[in-house]
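Below is one structure; the comments refer to it alone.
The values are calculated or read from the model by the stated rules, or taken from the named source; none is laboratory data. What you see is a predicted model, and the numbers here were worked out from it, not measured in a lab. Neighbour counts run over all protein chains shown; Cβ positions are idealised from the backbone, glycine included. Keep in mind that these areas ignore ligands, DNA and RNA; they rest on the heavy atoms of the full protein, side chains included. Shrake-Rupley method; radii C 1.70, N 1.55, O 1.52, S 1.80 Å.
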Amino acid sequence: MNYLNQKYSTVIVGGGIIGCAIAYELSRHGHKNIAVIEKNSTIPGLNQSSTNGGVIHSGIYYPKDIEPLKAKLCVLGNKLMYEFCKKYELPHKRTGKLILARNSQEEENLDFFFQIGIENGVEIKKISAKLAARMEPNIGTVTSALLVPSTGSAALSPLIEKLKELAKTDGVKFFLGTRVNAIHAEKTKFIITLHTNSGIKSMKSDSVINAAGLYSDEIAKMINPSNNYQIDPVRGELYKYNPTSRKDISFKGMHLYSIPFCYYSGTKQIAELPVAEIRKLLRAGKVTKTLGVHVSPFGNFVTVGPLKTFNVGKEDYMTNLKNPEDYIQKVHHLMPGLRAEDLKPHYAGIMAVLKGSTDFIIKRDDVFPNCIQLVGMDSPAWTSCLAVAKYVKELIHK
Ligand SMILES: Cc1cc2nc3c(=O)[nH]c(=O)nc-3n(C[C@H](O)[C@H](O)[C@H](O)COP(=O)(O)OP(=O)(O)OC[C@H]3O[C@@H](n4cnc5c(N)ncnc54)[C@H](O)[C@@H]3O)c2cc1C
């Protein structure tokens, strides 16, 4: 394969779900001469898109005034994801979800997310503890719940494989096992230095799309050194249990979640503050929201997680992993019958959390407008991938 002197109209850095969805969307709308550069030797490879929970989120967690892109793209992405999975017969299920409150403080927080859900146009309902227990008979003692029917699950590999296949059919070239080492940006031209199995090569392009996930901060800086994005990697570890091994727990297959909470972005301490205060700190980028450990259907298994570890390296999947006991404690009210010995390690993934901002960054580069930067594409970017791709296409056409 000779990369030298090859010129592309668009080079997409990163073949995760975002890079593949953009390649699919652009190529099916007539964009020609697109290359996707991926450092892993396969798609799917080891990245966020292959180690996530496979939850199709509904969009109730993102206040429009604080996280406008997540609010808009998650709700649209949810709809597009179901349509895509249905059209191509990919494994998926609209299971619905229960978010469970245990006391009046949690009910106040539940109300906060109920309001966001309504503002974002998500179908959502407050229900009694009794009704929640009818839907999932094994939940613990709760005071009330939110029912979110549009939450669901989809299998990870079939989705990305289909996007890649469709993009390839439409002419996109995928260069795997190829790492972008440097990018020299000029006004309307980019020269990209690549590390390949057969040495250092280079490639020219009229435009670049940065979809490099955990490395999006580094790619952004290669293009324009004045970019100061910083990805603060957070490891999320998932355990799983086999429902056939615990027939006494009658799990009906809904996602079971606790009330989300926030931690201070600097110290990582939990921020136990009134909702109004949380809103202010979220807007200032001082706290980060987390959905907590949940119980979720995942193919033939049920996953329990993710528990988070902060201050890890971008590829640190293994050091100081948590114990099953840590999970059982967190999900006692969601599934009290579950025991530590039921849990087996599933996998760990590293989340590309952006320091100082909780929304996605999707924009033309300030200095090199032929580059589109996608930074901080953490959850719910997997759910949102098809909507993100449409958004990028519209940005290009503007
Ligand atoms: C544990 C966990 C659970 C999650 N659960 C959910 C969930 O249930 N629902 C949901 O919607 N989201 C979830 N997410 C978030 C979701 O997985 C991510 O937001 C999404 O996968 C991001 O996709 P991406 O393509 O931007 O990044 P990635 O999947 O990380 O892909 C980026 C790609 O860029 C490549 N790359 C990087 N640098 C270079 C370079 N220099 N040269 C060439 N290639 C490069 C990488 O190899 C990688 O393949 C979860 C994430 C984690 C970690």
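Projected onto its three principal axes, the C-alpha set of region 1-127 covers 65, 30, 27 Å, listed from the longest axis down.
Within the chain, the selection of entire DSSP H helices by a Cα span of 27 Å or greater along the long axis and an average Kyte-Doolittle value of at least 1.0 returns an empty list. The Rg/Rh ratio for region 165-293 is 1.12, where Rg is the radius of gyration of the alpha carbons and Rh is the Kirkwood radius. The Cβ shell under 12 Å around I278 holds other residues with a net charge of +2, Lys and Arg each +1, Asp and Glu each -1. Annotation for region 306-360: trypsin sites (Lys or Arg not before Pro) lying in DSSP loop with at most 15 further Cβ atoms inside 10 Å of their Cβ are K314, R339, K355. Over 27 Å apart at the Cα level, from the set K247/K344; K64/K393; K7/K314; K93/K390; K39/K289; K126/K355, are K7/K314; K39/K289; K126/K355. The portion of the accessible surface of the chain made up by carbon and sulfur, rounded to a whole percent, is 52 (1.4 Å probe; DNA, RNA and ligands excluded). Each listed q (0.13, 0.15, 0.28 Å⁻¹) maps to a log10 I(q)/I(0) for region 158-222 from the Debye sum over equal C-alpha point scatterers, namely -0.44, -0.58, -1.24. Our summary gives the chain a relative contact order of 24 percent, counting only alpha carbon pairs under 8 angstrom and 6 or more residues apart. P225 sits among other residues whose Cβ lies under 15 Å from its own Cβ, and their net charge, with Lys and Arg +1 and Asp and Glu -1, is -4. Ellipticity at 222 nm from helices only: DSSP H runs of n ≥ 4 in the chain, each -39500 (n - 2.57), divided by the residue count, give -8500 deg cm²/dmol. Shown for region 229-301 is the translational diffusion coefficient from the Stokes-Einstein equation, using the Kirkwood radius over Cα pairs, a temperature of 37 °C and a viscosity of 0.692 mPa s: 220 µm²/s.
For the chain, a crude dipole built from +1 on the beta carbon of Lys and Arg and -1 on the beta carbon of Asp and Glu, taken about the Cα centre, is about 740 debye to the nearest 20. Straight-line reach from K125: taking Cα to Cα under 18 Å and skipping same-chain neighbours fewer than 8 places apart, the aspartates and glutamates in range are E106, E107, E108, D111, E136. Taken over the alpha carbons of the chain as equal point scatterers, the Debye sum produces base-10 log I(q)/I(0) values at 0.06, 0.13, 0.14 Å⁻¹ of -0.23, -1.08, -1.24. Go through L321, V304, F360 and say which Cα lies farthest out towards the positive end of the charge dipole of region 237-387; charges sit on Cβ, +1 for Lys and Arg, -1 for Asp and Glu. So the residue we want is F360. Dipole orientation for the chain: of the candidates I231, A220, V331, A220 has the Cα lying most toward the positive pole (charges on Cβ; Lys, Arg +1; Asp, Glu -1). Positive-end ranking of I270, I22, Q373 along the dipole of the chain, with charges on Cβ about the Cα centre, is headed by I22. Under the convention that each Lys and Arg Cβ holds +1 and each Asp and Glu Cβ holds -1, the size of the dipole of region 167-312 around its Cα centre is about 140 debye. Derived from the Cα gyration tensor, the three semi-axes of the equivalent ellipsoid of region 97-247 are 46, 21, 16 Å, largest first.
Of all DSSP beta bridges confined to the chain, the antiparallel ones make up roughly 75%. If you average the C-alpha positions of region 202-241 and of region 251-279 separately, how far apart do those two centres end up, in angstrom? Answer, in whole Å: 26. Alpha-carbon geometry of region 13-86: the Rg and the Dmax are 14.3, 40 Å, given in that order.
Rg over Rh for region 61-158 works out to 1.02, both radii taken from alpha-carbon positions and Rh defined as the Kirkwood radius. One quarter of the surface of the convex hull around the alpha-carbon atoms of region 108-196 equals 11.9 nm², the direction-averaged projected area.
From Cα pairs below 8 angstrom and at least 6 apart in sequence, can you work out the relative contact order of region 1-92, rounded to a whole percent? The normalised contact order for region 1-92 reaches 20 percent. The packing ranking of peptides 183-189, 209-215, 292-298, highest mean first, is 209-215, 292-298, 183-189, where packing means the average number of other beta carbon atoms within 10 angstrom of each residue. Under a model in which nothing but the beta-carbon of Lys, Arg (+1) and Asp, Glu (-1) is charged, region 27-179 shows a dipole of about 560 debye around its Cα centre.
Centre-to-centre separation between the Cα atoms of region 364-389 and those of region 86-128: 26 Å.
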